[in-house]
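The values are calculated or read from the model by the stated rules, or taken from the named source; none is laboratory data. Since the structure is predicted, the reported quantities are computational estimates derived from the model, not experimental observations. When we count neighbours, we look across all protein chains shown, and the Cβ atoms used for this are built from the backbone with ideal geometry, even at glycine. Each accessible area value is taken on the protein alone, full model and side chains, heavy atoms only, with ligands, DNA and RNA left out. Shrake-Rupley method; radii C 1.70, N 1.55, O 1.52, S 1.80 Å.
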Amino acid sequence: MKIALIGYGKMGKAIEEIAVNRGHEIVLKIDEYNLTDFNQENISQANVAIEFTGPHSAYENVKRALQFDVPLVCGSTGWLEKLDEIKKLCDEKKGSFIYASNFSVGVNIFFEINKKLAALMAQQKDYEVQVTETHHTQKKDAPSGTAITVAEQILENLRRKKNWVNQISDNVEELEIISERIDPAAGTHKVKYSSAIDDIEIIHTAHSRQGFALGAVLAAEFIKDKKGIFSMKDVLGL
């Protein structure tokens, strides 16, 4: 499989290493220094593109890749207010698109456990819930996209919570997400239910970027010959 990397920072390099080890070829690398190379002619060499940049550029990168008719995997966070526009464009172009706030296999299993636990806790009103996420100091957005996904899953099941906030709150209807930036943390996400009697916690701790990178490559392998909008649940058969 021939892959175009849109974003060649630490994640892009980790994806490259895993992709090459799995027998794939990187035919295009785009970063801030060669943006003019992100064009129809160059990207047409690729079977699939993987986009990992930042909140400031992700939307335009994703839009351009879909307009160039290349299957696209996107893991950038902080731009999701425009995700519905991208899904509409993908449908119009009959394109191929996977977005995930986190491509780690372990995190996606964590997501499924989180939903199940929230459903079980829906009637347990003596428990308060809080989400905590810890990342390295270079992470540009807070809360993390993964923490937002976790929080939205809780809100879907725990109707006594109406919205999430990225701070400590005295409002019992608000779900707290606490963001910590500590080097060299690769990423830890915790959901804690607390009562006067006991606590229940689920935690996912990443040891490196390798899990995220592997998941992105698995997603690229999955979407290469498909049309439509997919998720990591589809990739992993969850």
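Some notes on this structure:
- Among 92-102, 193-203, 119-129, the peptide with the highest mean count of other Cβ atoms within 10 Å heads the list, and the full ranking is 92-102, 119-129, 193-203.
- Per residue, the accessible area of segment 1-83 comes to 47 Å² when a 1.4 Å probe rolls over the protein heavy atoms.
- Each label was represented as a point 7 Å from its Cα along the Cα-to-Cβ direction; for Thr188 and Val20 these points are 3.3 nm apart.
- Among 57-65, 39-47, 212-220, the order from most to least packed when residues are scored by Cβ within 10 Å on average: 212-220, 57-65, 39-47
- Evaluated at q = 0.13 Å⁻¹, the base-10 log of the normalised Debye intensity for segment 56-133, with identical point scatterers placed on the Cα atoms, takes the values -0.56.
- Reference-scaled alpha-carbon Rg (2.2 N^0.38 Å with N residues) for segment 1-113: 1.03
- FRET efficiency estimate (nearest 0.05) - Cβ-Cβ, Ser208 to Lys125, R0 35 angstrom: 0.35
- Accessible surface for segment 134-210, divided over its residues, is 55 Å² per residue with a 1.4 Å probe.
- Annotation: segment 110-228 has a Kirkwood hydrodynamic radius of 15.5 angstrom, from the mean reciprocal C-alpha pair distance.
- DSSP finds beta bridges in segment 123-197, and of those with both partners inside it, around 45 percent are antiparallel.
- Of the residues His189, Gly7, Met121, the one whose Cα sits farthest toward the positive end of the charge dipole of the chain, with +1 on the Cβ of Lys and Arg and -1 on the Cβ of Asp and Glu, is Gly7.
- Hydrodynamic radius by Kirkwood, which averages 1/r over all alpha carbon pairs of segment 76-120, in angstrom: 12.6
- Rounded to 5, the percent of DSSP beta bridges in the chain classed as antiparallel: 35
- In this rough spin-label picture, where each label sits 7 Å from Cα along the Cβ direction, the Lys233-Lys162 distance is 2.7 nm.
- Extension reserve of the Glu41-Glu60 stretch, reckoned as 0.36 nm per residue once the Cα distance is removed: 5.1 nm
- The chain - percent of accessible surface contributed by carbon and sulfur, probe 1.4 Å: 48
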